Amino acid sequence: MKIMIDAGHGGKDPGAIGNGLREKDLTLKLALRIGQLLAARGADVRYTRTDDTFVELSDRARAANTAKVDYFLSIHINAGGGTGFESFTYTGTSGATAALRNVIHRKVAAAFVASGLPDRGRKQANLAVLRETNMPAALLEYGFIDTAKDAALLKTEAFLEQIATATADGVAEAFGLPAAVVPAPVDTVSEWARAARDWAVSAGITDGTRPRDGVTREEVWTMLWRMNGGK
Ligand SMILES: [Zn+2]
């Protein structure tokens, strides 16, 4: 599954501003985290931007069309005095575009409601990135930057993590992605290395932690020195 995640605005275009927040910063943070979570579930994640640069709307859509992604997800923060979450698909679309958006919307709206912000509903609009992309696409508006209650939540890492996770969960459910691949705990020693680790600990060469980490030059020096009786 290939997805283009579009962090709204950027560079000379800050997007909406309010309560000491800039839309372009929040959209980038959310986009990168959502992408990270989806990559961990095996998605091929592309971005229209990964830093604070300006990208034209048509270039965002063109990038998705050129990469032939399966889905285009545009990340925005609302303004204008409302409160809560809403999502958009292109005017008149139905079928897969509607079905995929519905799954994602349900997950993200639930995260907003759990934090006391309302679900403003599933909407349609004639937005450039939705109109010019060839694949199913949605644009999400994660709260209002100029509303104190919304902004207070958008300032917390916990809320950003909740809505990023909800979004990734929604995309994963919509496309049937597997659960995240959990890496082996860092303190698990490989079977073939266990006897050597136990010996190195008993000989006072190492404390036995972080068995799968790389070794630095200073750690090699210290291990050799301890083997030769150094303390
Ligand atoms: Zn925006």
Check your understanding: Extension gain Asp187-Thr66, at 0.36 nm per residue separation less the Cα-Cα distance, in nm?
Key -> 39.3 nm
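Quick one: dipole size for the chain, taken about the Cα centre, charges +1 on Lys/Arg Cβ and -1 on Asp/Glu Cβ, in debye to the nearest 20.
Magnitude of the dipole: close to 220 debye.
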Check your understanding: Full extension from Thr93 to Lys12: what is 0.36 nm times the residue separation minus their Cα-Cα distance, to one decimal in nm?
Key -> 26.0 nm
Check your understanding: Which of Phe112, Ala151, Ala40 sits farthest toward the positive end of the charge dipole of the chain, with +1 on the Cβ of Lys and Arg and -1 on the Cβ of Asp and Glu?
Key -> Ala40
Review point. Quick one: in region 73-231, what % of C-alpha pairs are over 27 Å apart?
Key: 49
Revision key, fill the gap. Taking the dipole of the chain about the Cα centre (Lys, Arg +1; Asp, Glu -1; charges at Cβ), the one of Trp199, Ala180, Thr50 that reaches farthest to the positive side is Ala180
Practice item. With a 10 Å radius around each residue's Cβ, average the other Cβ atoms per peptide and rank 223-230, 41-48, highest first. Key: 41-48, 223-230
Revision key, fill the gap. With the 1.4 Å probe rolled over protein heavy atoms, region 2-175 has an accessible area per residue in Å² of 40
Practice item. Provide the FRET efficiency to the nearest 0.05 for the Arg217-Ala39 pair, computing r from the beta carbons and using R0 = 25 Å. Key: 0.20
Exercise for review: On the protein heavy atoms, probe 1.4 angstrom, tell me the percent of accessible surface of region 63-110 carried by carbon and sulfur.
Suggested key: 57
Exercise for review: Show which lysines lie in cross-link reach of Lys155 when reach means a straight Cα distance below 17 angstrom and same-chain residues fewer than eight apart are skipped.
Suggested key: Lys24, Lys29
Exercise for review: Calculate how many DSSP beta bridges within the chain are antiparallel, expressed in % of all such bridges and rounded to the nearest 5.
Suggested key: 25
Study note, to complete from the structure: For the pair Val113 and Arg197, the simple spin-label estimate (label points 7 Å beyond Cα toward Cβ) gives in nm 4.6
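Once you keep just the Cα pairs under 8 angstrom separated by 6 or more residues, what percentage relative contact order results for region 1-110? Don't skip to the answer; put the middle values down first.
Working: 138 pairs, mean separation 37.2, N = 110.
Taking the mean separation of contacting Cα pairs over the length of region 1-110, I get 34 percent.
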Check your understanding: Modelled label-to-label distance, Lys149 and Asn228, 7 Å Cα→beta-carbon offset: nm?
Key -> 7.0
Check your understanding: How much mean residue ellipticity at 222 nm does the chain get from its helices, if each DSSP H run of length 4 or more adds -39500 (n - 2.57) and you divide by all residues, to the nearest 500 deg cm²/dmol?
Key -> -13500 deg cm²/dmol
**Study point:** Residues in region 84-118 that a label on Arg131 would reach, taking backbone N under 15 Å of a point 7 Å out along Cα→Cβ
**Key:** 89-93
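The values are calculated or read from the model by the stated rules, or taken from the named source; none is laboratory data. Predicted, not measured: the structure shown is a model, and the values here were computed from it. Note that each Cβ is placed from the backbone with ideal geometry, even for glycine, and that neighbours are counted across all protein chains shown. We work out accessible area using only protein heavy atoms, side chains counted, and drop any ligands, DNA or RNA first. Shrake-Rupley method; radii C 1.70, N 1.55, O 1.52, S 1.80 Å.
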